[in-house]
Amino acid sequence: MGASFSQLTEGVNGAAVGPGLGDIPESCVASVFMYLTPPEICNLARLNWAFRGAASSDAVWDSKLPPNYQHLLDLLPPERYLNLSKKDIFALISRPIPFDDGNKEVWVDRVTGGVCMSISAKALSITGIEDRRYWNWIPTEESRFHEVAFLQQVWWFEVDGLVKFHFPAGVYRLSFRIHLGKFFKRLGRRVSSFEHTHGWDIKPVRFELSTSDGQQASCASCLDESEKDDANGNQKRGCWVEYEVGEFTVSDSEDATEVRFSMKQIDCTHSKGGLCVDSVFILPSI
């Protein structure tokens, strides 16, 4: 892109030909930047001083910030964001901000400016989690929270969660990130064990969500379909899979939205086990 722009301002032997990019007023460049994504703005900022100045304009970055970004800043110590420019504030909140004792994270997507959230298994209510006969916590680098809940075996499987947050207006989707089998490293290679994996092919798991303003969504899925997956060449076992529960809409960004969600398989006619629960994601629906 830089090469094509330079051709507009240089003639033969580098002689200037008429007005060039350097003659465009910074205010005009800033007006154009309003319609670009943050990565595009940062790339164009390298062209010349006018573009660089426009790329630092508070007006430009104010248009990229969520309308109620102050709620994200409130999760940080004031000294982290006082006296920062809007560009620096965007850079600050585009990195994960931990809260609720580090068991939840919220951040702004660097391209869309949408607010995203991740909720650790530690922040979920898991039936039987205190009993080491049924559940264990496994440290891992494969989770953004560095620890996942591993199910040995239960008859009653139920995981519930609740979050209340000032999401900006928009449509959001919620999903659970889970893994069939226990994984570890052997001789530097990732391997999975399915010694305890059973019961997920008999009855489907029920996923549900509801919001404080009455919205609801639900779906059901069999987590283990080995025969079907083998035939299609798409193996669920040994992989992290995100199961989307559904969508909800936020219309008023000034009020906090309460979202309840769960996944359950409470048919006690059979046991189930060998499952890792990592986290729940709430992301803007594109």
- Reported set for segment 60-74 where residues are touching a Pro at 6+ places or on another chain (Cβ under 8 Å) and either more than 15 Å from residue 114 (Cα to Cα) or in a loop (DSSP other than H, G, I, E, B) (or both) is 64, 66, 67, 68
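Pick from 192, 143, 175, 218: which is in a loop (DSSP other than H, G, I, E, B), touching a residue at least 12 places away in the same chain (Cβ under 8 Å) and of a type in the set (Gly, Ala, Ser)?
143
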- Message: With the requirement that a residue be touching a Pro at 6+ places or on another chain (Cβ under 9 Å) and farther than 16 Å from residue 110 by Cβ, what does segment 75-96 give you?
- Response: 75
- Message: Among the listed residues 193, 143, identify the single one that is in the same structural domain as residue 279 (by TED's automatic domain parsing), of a type in the set (Ser, Thr, Tyr) and crowded, with 17+ Cβ neighbours inside 10 Å.
- Response: 143
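If I go through segment 81-97 residue by residue, how many of them are touching a residue at least 12 places away in the same chain (Cβ under 8 Å) and crowded, with 16+ Cβ neighbours inside 10 Å?
Qualifying residue count for the region: 8.
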- Task: Look at segment 52-66 and say how many of its residues are over 19 Å from the mean Cα position of the chain (by Cα), surrounded by 14 or more Cβ atoms within 10 Å (Cβ to Cβ) and touching a residue at least 24 places away in the same chain (Cβ under 8 Å).
- Result: 9
- Is one or more of the residues making up segment 248-269 crowded, with 16+ Cβ neighbours inside 10 Å, under 17 Å from residue 284 (Cα atoms), small (Gly, Ala, Ser) and modelled with pLDDT under 95? yes
- Task: Could you tell me which numbered condition residue 185 fails, if it satisfies all but one of (1) surrounded by 14 or more Cβ atoms within 10 Å (Cβ to Cβ); (2) free of Cβ contacts under 8 Å to residues at least 24 places away in the same chain?
- Result: (1)
- So, of the residues in segment 31-51 that are free of Cβ contacts under 8 Å to residues at least 60 places away in the same chain and in a loop (DSSP other than H, G, I, E, B), which turns out to be farthest from the chain's Cα centre (by Cα)? 48
- Note on the structure: Checked against (1) more than 22 Å from residue 260 (Cβ to Cβ); (2) of a type outside the set (Val, Ile, Thr); (3) touching a strand residue (DSSP E or B) at 6+ places or on another chain (Cβ under 9 Å), residue 132 satisfies every condition except (3)
- For segment 112-138, how many residues are touching an Asp or Glu at 6+ places or on another chain (Cβ under 9 Å) and either part of a loop (DSSP other than H, G, I, E, B) or among the basic types (Lys, Arg) (or both)? 4
- Give the residue, chosen from 279, 221, 212, 253, that is in contact with an Asp or Glu (Cβ under 6 Å, 6 or more places away or on another chain) and either hydroxyl-bearing (Ser, Thr, Tyr) or in the same structural domain as residue 144 (by TED's automatic domain parsing) (or both). 212
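The values are calculated or read from the model by the stated rules, or taken from the named source; none is laboratory data. In this text, all values refer to a predicted model and were calculated from it rather than measured experimentally. So basically every Cβ, Gly included, is an ideal-geometry build from the backbone, and we count neighbours across all protein chains shown.
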